Structure formats: structure tokens, C-alpha cells
1. If THR190 passes every condition in (1) buried (at least 20 other Cβ atoms within 10 Å of the Cβ); (2) in contact (Cβ under 8 Å) with a residue 40 or more places away in the chain; (3) under 20 Å from ILE127 (Cα atoms) but one, which one does it miss?
2. When the residues of the range 49-96 are filtered to those that are at pLDDT below 95 and of a type in the set (S, T, N, Q), which remaining residue is nearest to ASP22 (Cα to Cα)?
3. In the range 38-54, which residue that is of a type in the set (Gly, Ala, Ser) and surrounded by fewer than 17 Cβ atoms within 10 Å (Cβ to Cβ) is nearest to the chain's Cα centre (by Cα)?
4. Out of the residues in the range 210-239 meeting the condition of being farther than 22 Å from PHE104 by Cα and touching a helix residue (DSSP H, G or I) at 6+ places or on another chain (Cβ under 8 Å), tell me which one is surrounded by the fewest Cβ atoms within 10 Å (Cβ to Cβ).
5. I'm trying to understand the selection: among the residues of the range 101-149, which are aromatic (Phe, Trp, Tyr) and closer than 15 Å to VAL174 by Cα?
6. Restricting attention to the range 113-128, which residues are in contact (Cβ under 8 Å) with a residue 40 or more places away in the chain and either surrounded by fewer than 20 Cβ atoms within 10 Å (Cβ to Cβ) or within 11 Å of PHE68 (Cβ to Cβ) (or both)?
7. Every residue in the range 150-164 that is over 13 Å from VAL202 (Cα atoms) and in contact (Cβ under 8 Å) with a residue 24 or more places away in the chain, please.
8. I want to confirm something. Restricting to the range 132-160 and keeping residues that are on the phi > 0 side of the Ramachandran plot and within 13 Å of the chain's Cα centre (by Cα), which single residue is surrounded by the most Cβ atoms within 10 Å (Cβ to Cβ)?
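The values are calculated or read from the model by the stated rules, or taken from the named source; none is laboratory data. These numbers come from a predicted model, not from an experiment. Cβ: placed from backbone, ideal geometry, glycine included. Neighbour counts: every protein chain shown.
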Amino acid sequence: MLNNDKDNPEPPTEPSHRAPDDPAYQETYDTLQAYWEKIGAVEPDVISYIINPMFLGAPPWPSGRQAFKIIRTADSLIIASDGLSDPFNEDKTEQRNGFEIEVFIEVKGRQDLAFDEIMSSAAFALIEQTARRVADWGGISRLLEEINVASSEIPVSSDAIPDEILTPNGSVGVIFGMIAKGRPKIVPDTPLSPVRMVPVTVLLPSEVPEVAKSKAGLNRIANKLREAGYHHISDFKRTSLV
């Protein structure tokens, strides 16, 4: 039976902050950097912010650091969150790699885009808002362990998003967890806990009701993406699959 002794309450304990030089931070960075370097050329500069978005009302990330890596493969561009799996800085007893997830979007044929063009692209606008939504949820790694793929509508207020992609309520439909062929979906050797690397695949507005109504509908669209050869790749100009 739980002890509800109000006369002698236990004093609250303050969490012990993780030291800024805790080696878990650098080990996490090095491990994920090595993961991406096996896939493509990692841009030395990340997309980051002069003012941290959490000070402007965006959801906080585990260590406070919010950034995005740019990876260029032979035939595609990848933009990946960088910080969702940082160790939590406010409580060093929390032995997890943050939300145990990083999300990324991959687009074909855009590997030569300049840095500034990437920052103003539809792909970045979508992955930026998706990463913030994942942070707000506290991660989705456990959910994907259970159901493999999931879907959501991500509010995106950016002129970079084509009107043809927006739903009537101004959001963009996405699928989480399509398999990126030939790549590990989990990084097992991050220092505190494994990290799931999750593709974000854009949906067209006509496909969103199908995935929203049932798990069977979600699986049908996921199968059609595979059959059409898209797999996890986001194509903002493709034709509808329904």
C-alpha cells in the first residue's frame, strides 16, 4: 500500500544537473556523426539558431541544443535533426539519450543545393516543424517499436511549402518510420540508450484521410509508397497514390 503520511512528508529532491562537459554529450555526437558519415558527406556547418527557439515558445529539446545536420549522398539530400537524442541536461540521473530519436527527411536530386537554399526549402520547413512536434510529444520511439509506422499532420506556416501539399487546415501529412533500405534504423551504441533514426515521408492531402482513418489505411499507403519506388523518400511533386 502506498504511504500517504502527510505529517512527515519526504522533502522534495532537486534534480542534479548534468555537467556541460559530461562525456555523454560528445560520445553521442561522435556516434551519430559516424552513422551519417557512412551514408554521405556531412556538411561541417549545421543549421542552428541565433536565439534558441525554446525561448520563443517552441518545445525544449533534451539538452537545450536545437540544430539540423545536412548530409549529401550521391543522389539525394538529407536534413536530419541534431539534438533530440542529446542526454537530458536538467537531470543527470535520467539515463537515456534524450528522446531516443532523431528524425530526417530525404529528397532525391537536391544534393547540390547551397546551404542558404536548403534553409529556405520545403524539406527543411517540414523537418524543422516535425522535429519540434516530436519534441513536444516527448519522442515517438516507443510507439514505433510497437507499430513500425505512424502518421501525423504537421502544422507548417512557411511559404516554402507548395500549396499542393497543404491540407485544408494548413498542415502537411507525414508518415514516420518507412524503412530506409540498407541503413540501420537504430544506433545501438550511443552512450546511454539506443537511438532510433526515423525517416519522415511527406504525404499528399488526398492521402491524409486514408492514413488517418485506420491502421489498415496507413499500411495501404505505406505499401503503395514502397511499390511505387518511393520508400522513405519525400517527393513534393509526385502524383497521388489514391
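1. Going through (1) buried (at least 20 other Cβ atoms within 10 Å of the Cβ); (2) in contact (Cβ under 8 Å) with a residue 40 or more places away in the chain; (3) under 20 Å from ILE127 (Cα atoms) one by one, THR190 breaks only (3).
2. ASN89
3. The qualifying residue nearest to the chain's Cα centre (by Cα) is SER48.
4. LYS215
5. Of the residues in the range 101-149, the ones aromatic (Phe, Trp, Tyr) are 104, 115, 124, 137.
Result: PHE104, PHE124.
6. PHE115, ILE118, MET119, SER120, ALA123, PHE124, ILE127, GLU128
7. Passing the criteria: SER158, ALA160.
8. Of the range 132-160, the ones on the phi > 0 side of the Ramachandran plot are 138-139, 148.
Subset that is within 13 Å of the chain's Cα centre (by Cα): 138-139.
Values: GLY138: 13, GLY139: 21.
Among those that are on the phi > 0 side of the Ramachandran plot and within 13 Å of the chain's Cα centre (by Cα), it is GLY139.
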